[in-house]
Structure formats: structure tokens, C-alpha cells
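The next block holds one structure in the form of C-alpha cells; read it before the comments.
The values are calculated or read from the model by the stated rules, or taken from the named source; none is laboratory data. What you see is a predicted model; the values in this text were computed from it and never measured. Neighbour counts are summed over all protein chains in view; Cβ atoms, including those assigned to glycine, are modelled from backbone coordinates with ideal geometry. Accessible surface areas use protein heavy atoms only, side chains included; no ligands, DNA or RNA. Shrake-Rupley method; radii C 1.70, N 1.55, O 1.52, S 1.80 Å.
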Amino acid sequence: MLERLRRRWQRARLRDPAWSGLFDEPAGEMVSLDCETTSLNAAEAELLSIGAVKLRGNRILHSEALYLLVRPEGIPSAGNIAVHGLRRRDLADALPPREAILRLLAFIGGRPLLGYYLEYDVAVLNKYVKPWLGIGLPQRQIELSARYYDYRFRQRPDSHIDLSLDALHRELGVPALPRHDALNDALSAAMLYQALRKRGFG
């Protein structure tokens, strides 16, 4: 009920009706999403790259993946570059943020969003989306760590549950891809989610 009211309120505030399709959720599909940014503080972070991949039923549509480099206004710090490896020259021909967001929204449509600590990525994206559309991303959100917590709690309710990405990969038997690459991280979340689905927690 609350979710329906939230979506109705957002639809009423949408500035551009051309994007009303963001509210139309196709059955059995979602998009796994990850962003690399200039900071871990969402309030000051700028986008550097976006990775997204579609899931349809029990399939990960790797051939339909999206990977975008985004040009920030500021210069990434040395510490930030050490994490994600994106240098200033790597971003010289990157997309302006608005064009990257346009491509991402067209790719997502109304599909639910899946991610590992997705709240941060959505908060950063909404800094770009809200001033333009008048609303934040309206799609339903699926938090991978919450699904994993439910799975482990059902198994052993009295034990400590490690929600680190390493623990998810280890416990679910999913090979880990190189980290801090937006597309790799989106693919990892998709694979982990499918492993949970097979265990009845998708």
C-alpha cells in the first residue's frame, strides 16, 4: 500500500511525461546496477562510471550490458584513482552526466533495480535525476545484502551474519570478479542474486 502511494505521488510530480515508462515494471525482469564515484559520501560524490546489466527470469543478459564513463566536474583524487583505476585522461572523452543519465534511464525503463548496498548508488544518481525529472528514481529496489541476510537467518538464526561481499561470494559459491569496476560489480550482484533465487530467496 505504501509503495503504491509513493509511486502515485512520484508519477504526479514527474516533470516530463515522456518518462512515464519509468513506472511500468515488466514482469520477470530487473537491472543490476553499480556506480563508481569520486567519494563514499553521497552528498559530495560525482559519477565516474555506471555499470548495468539486465536479468530476465533466471538469465543474466550479459550481451545487453551497459557501461558508461562519466566526466566529473572535479579531478579525482589520487586515493580515489587507486580504488577504481579511472584517471583524468581515462575520463577525457567520457559522457557529460546528463547524457549518461539519459542513456541509463532508457536502459532501465521501469525494471526494478538490484544492487549491493544499492541505497548509496541511488542516492548519487538521484542528485542528477531529481533536478531534471522532479523525482528520484521510481523503480522498485532490491537490496542484495538484505536478501542474503534473510537466507542466512533462515539457516542459522542465532549466528553472526557476515554481509561483506567476500562472504556472499564464499557462502553462495559464486566466483568473484575484479572489484571496483562498475560493470563487474553489477555482474557480480546479478550472479549472487541468481544464486539466492535458486535457494528460494530471489
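If you take the residues in region 23-39 that are under 15 Å from the mean Cα position of the chain (by Cα) and not small (G, A, S), which one is surrounded by the fewest Cβ atoms within 10 Å (Cβ to Cβ)? Per the criteria, the residue is E29. Note on region 82-96: among residues that are among the charged types (D, E, K, R) and assigned to a loop (DSSP other than H, G, I, E, B), the one that is surrounded by the fewest Cβ atoms within 10 Å (Cβ to Cβ) is D93. The condition of being touching a Ser or Thr at 6+ places or on another chain (Cβ under 9 Å) and not acidic (D, E) does not hold for L172. Pairs are defined by a Cβ separation below 6 Å, a sequence spacing of at least 6 or placement on different chains, a first member in region 133-156 that is farther than 29 Å from R8 by Cα, and a second member that is at pLDDT below 95 and in a helix (DSSP H, G or I); no pair meets this definition.
L69 satisfies every condition listed in (1) open to solvent by 40 Å² or more (accessible area, probe 1.4 Å); (2) part of a strand (DSSP E or B); (3) out of contact with any Asp or Glu (no Cβ under 9 Å at 6 or more places or on another chain) except (3).
What pairs come up if the first residue lies in region 54-65 and is free of Cβ contacts under 8 Å to residues at least 12 places away in the same chain, the second is surrounded by 13 or more Cβ atoms within 10 Å (Cβ to Cβ) and part of a strand (DSSP E or B), and their beta carbons are under 8 Å apart, counting only those six or more places apart or on different chains? So the pair list comes out as L61/V53; L61/K54; L61/L55; E64/V53; E64/K54. Whether any residue in region 160-174 is touching a residue at least 60 places away in the same chain (Cβ under 8 Å) and either aliphatic (A, V, I, L, M) or touching a Gly at 6+ places or on another chain (Cβ under 8 Å) (or both) is what I want to check. No, the conditions are met nowhere in region 160-174. In region 1-24, the residues that are free of Cβ contacts under 8 Å to residues at least 40 places away in the same chain reach residues that are open to solvent by 80 Å² or more (accessible area, probe 1.4 Å) and not aliphatic (A, V, I, L, M) with C-beta atoms within less than 8 angstrom, at least six apart or across chains, in these pairs: S20/R11.
Residues in region 97-116 that are in a loop (DSSP other than H, G, I, E, B) and open to solvent by 50 Å² or more (accessible area, probe 1.4 Å): Y116 only.
Could you tell me whether region 184-198 includes any residue that is surrounded by fewer than 14 Cβ atoms within 10 Å (Cβ to Cβ), of a type in the set (G, A, S) and without any contact (Cβ under 8 Å) to a residue 60 or more places away in the chain? Within region 184-198, none of the residues are surrounded by fewer than 14 Cβ atoms within 10 Å (Cβ to Cβ), of a type in the set (G, A, S) and without any contact (Cβ under 8 Å) to a residue 60 or more places away in the chain.
Can you pull out every residue in region 128-143 that is touching an Asp or Glu at 6+ places or on another chain (Cβ under 9 Å) and in a helix (DSSP H, G or I)? Within region 128-143, W132, L133 meet the criteria.
When residues in region 149-189 are screened for being closer than 26 Å to G109 by Cβ and of a type outside the set (D, E), 8 of them pass. Limited to region 45-66, what total is found for residues that are at pLDDT 90 or above, within 21 Å of L102 (Cα to Cα), surrounded by fewer than 20 Cβ atoms within 10 Å (Cβ to Cβ) and not small (G, A, S)? Count: 3.
Residue-wise test of (1) at pLDDT 95 or above; (2) among the aliphatic types (A, V, I, L, M).
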| residue | (1), (2) |
| --- | --- |
| I101 | yes, yes |
| L125 | yes, yes |
| L144 | yes, yes |
| S159 | no, no |
| Q194 | yes, no |
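Residues in region 1-22 that are surrounded by fewer than 14 Cβ atoms within 10 Å (Cβ to Cβ) and among the aliphatic types (A, V, I, L, M): M1, L2, L5, A12, A18.
For region 147-162, filtering for residues that are open to solvent by 50 Å² or more (accessible area, probe 1.4 Å) and either aliphatic (A, V, I, L, M) or assigned to a helix (DSSP H, G or I) (or both) leaves 6.
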